[in-house]
1. Criterion first (buried (at least 16 other Cβ atoms within 10 Å of the Cβ) and under 19 Å from Asp306 (Cβ atoms)) does Val349 satisfy it?
2. Kindly check whether there is at least one residue in the stretch 372-382 that is surrounded by fewer than 15 Cβ atoms within 10 Å (Cβ to Cβ), hydroxyl-bearing (Ser, Thr, Tyr) and more than 16 Å from the ligand (Cβ to nearest atom).
3. Have a look at Val362, Val349 and point out the one that is touching a strand residue (DSSP E or B) at 6+ places or on another chain (Cβ under 6 Å) and closer than 28 Å to Ala227 by Cβ.
4. Among the residues of the stretch 351-371, what is the count of those that are outside any strand (DSSP E or B) and more than 9 Å from the ligand (Cβ to nearest atom)?
5. Keeping to the stretch 393-430, report how many residues are near the ligand (Cβ under 10 Å from one of its atoms) and outside any loop (DSSP other than H, G, I, E, B).
6. Consider Ile375 carefully, then state whether it is in a loop (DSSP other than H, G, I, E, B) and in contact with a strand residue (DSSP E or B) (Cβ under 6 Å, 6 or more places away or on another chain).
7. Could you look through the stretch 431-445, keep only residues that are within 16 Å of the ligand (Cβ to nearest atom) and in contact (Cβ under 8 Å) with a residue 60 or more places away in the chain, and pick out the one that is farthest from Tyr333 (Cα to Cα)?
8. Tell me yes or no: at least one residue of the stretch 157-169 is over 30 Å from Met30 (Cα atoms) and either surrounded by fewer than 16 Cβ atoms within 10 Å (Cβ to Cβ) or of a type in the set (A, V, I, L, M, F, W, C) (or both).
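The values are calculated or read from the model by the stated rules, or taken from the named source; none is laboratory data. Bear in mind that the values here come from a model prediction, so they are computed numbers and not experimental data. As a convention, Cβ positions derive from the backbone with ideal geometry for all residues, glycine included, and neighbour counts pool all protein chains shown.
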Amino acid sequence: MRIRTKIALIYTQLTFFVMLWAFAFVYILMIRNTEEVFYDLLWKRAMITAHYNFEKDEMTESAYQDVVERYNQKLMGESHEIINAHDFYEIDSLKNMIPNENDLQMLLNGKTIEYRMGDRQYLGVYYPDNEGDFLVIVSAHDTQGAESAKNLLKLLTIILIITTIFVYMIGEFYAKKIFSPIVKIIKNVKSITASNLKSDLIEEKGNDELSELSRTFNDMILRLRDAFEMQNSFIRNASHELRNPLTAIIGETEITLNKERTPKEYIETLETIQYEFERLNNMIRDLLSLAQTGYDFSRVDKKQVDLSKVVEKTCYNFKGAEINMDIPEYGKYEITGVESLLVHAFTNVIGNAIKFSKGQPVDIKFSREDNNYKISVTDKGIGIPYRDIKNIFQPFYRAGNTATYKGTGIGLALSYKIVDLHNGKMGVESEEGNGTTFHMFFRIN
Ligand code: ADP
């Protein structure tokens, strides 16, 4: 069963039972009230019957005529019984008419009694008179009351049925309306495949949960789309970058082998080949490292690593470069991690700072921020154009101002991945032409 039908049914059931309860209450109240009104009528009939039988001698002729007239206007199926309250024989015969012993006793004690047998209502009164004490019992059918009750019951049943159907239809209509975003989402999901992530996305406006769901879903598709595009461009770039040096090597050897060359020319060719092989070698090494970081890092053997020692060690590899660094006291910046990977990450960042500032001094600072160790590498080099900053950590991405600088565009992505594996974050602040600062944050254990 569809959820919208379920909701409509629950809503309908609820309305049905609330209405049933309210209608039953109204119906019972109405029956009680009709009975009360009829007992009042029976009491009047009992009085008129008593006056008719016992008060002729104490009334004027015209008043008695009025009583006779009223006495003759009987109720439907009316019957009455008058007996002497002190005649045990007659009282005994009343047992058929007053089945409840208590009622009979109450009547003999002077109380008015009211009761029902089948569809007949009875009223008994104790009537003291100068001719003796009497019991007057009047009974009749309340046909009008019964008819009204029947009509009310019919009306309430019809209202209940019509309202229930109506409420169900309205429930279905609104449930359909409320669930329409979900139906749209389902339709959309069915039409989405890995190659077709560009399909039109649903955009639900509003602040309710379903709008939030559709927005979350949209965000997820956008993220997936970005991930797919990134993966595609990674493969495109990787194959392009790997093919470039190979094409250069094949071309160079073909041209050289065309004819006999001088030793100098052979040396030049070999140097070109060596240069291209080095490029290829660096790229393959970086790609393998990048692939390695994709392994299950939780299984890699980790140790306590002193970040200040690792950075210091990394700087030794850049002999000749001017690096300003206040080495903090050993042991103050320790994290759990893999030293070789961290050396790789710092080498890329510090190497870039030296490379893109053409050997100007590079500053390295250690600090603590919130619950993190922060290492900042600052240079006064070419900077990164504003439009390139958001993509700078993507593999193979190189900013537009680096055409004259050697590089593969893998190093920074690799550093980013390594810092991320160590539960860290990387950020960049840069201004084109003025320099760049890379910040690396490592959570304090
Ligand atoms: P590359 O091999 O080009 O150095 P990286 O992956 O190390 O590749 O860096 C990616 C890009 O980020 C670089 O091409 C450059 O555009 C930019 N970049 C990284 N570090 C710096 C820096 N210190 N100054 C300016 N640009 C930088």
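1. In short, yes.
2. Within the stretch 372-382, not a single residue is surrounded by fewer than 15 Cβ atoms within 10 Å (Cβ to Cβ), hydroxyl-bearing (Ser, Thr, Tyr) and more than 16 Å from the ligand (Cβ to nearest atom).
3. Result: Val349 is the single residue among Val362, Val349 that is touching a strand residue (DSSP E or B) at 6+ places or on another chain (Cβ under 6 Å) and closer than 28 Å to Ala227 by Cβ.
4. 6
5. The qualifying residues number 8.
6. No; evaluated as a whole, the condition is false for this residue.
7. Ranking the candidates gives Gly435 first.
8. Yes, that holds for at least one residue.
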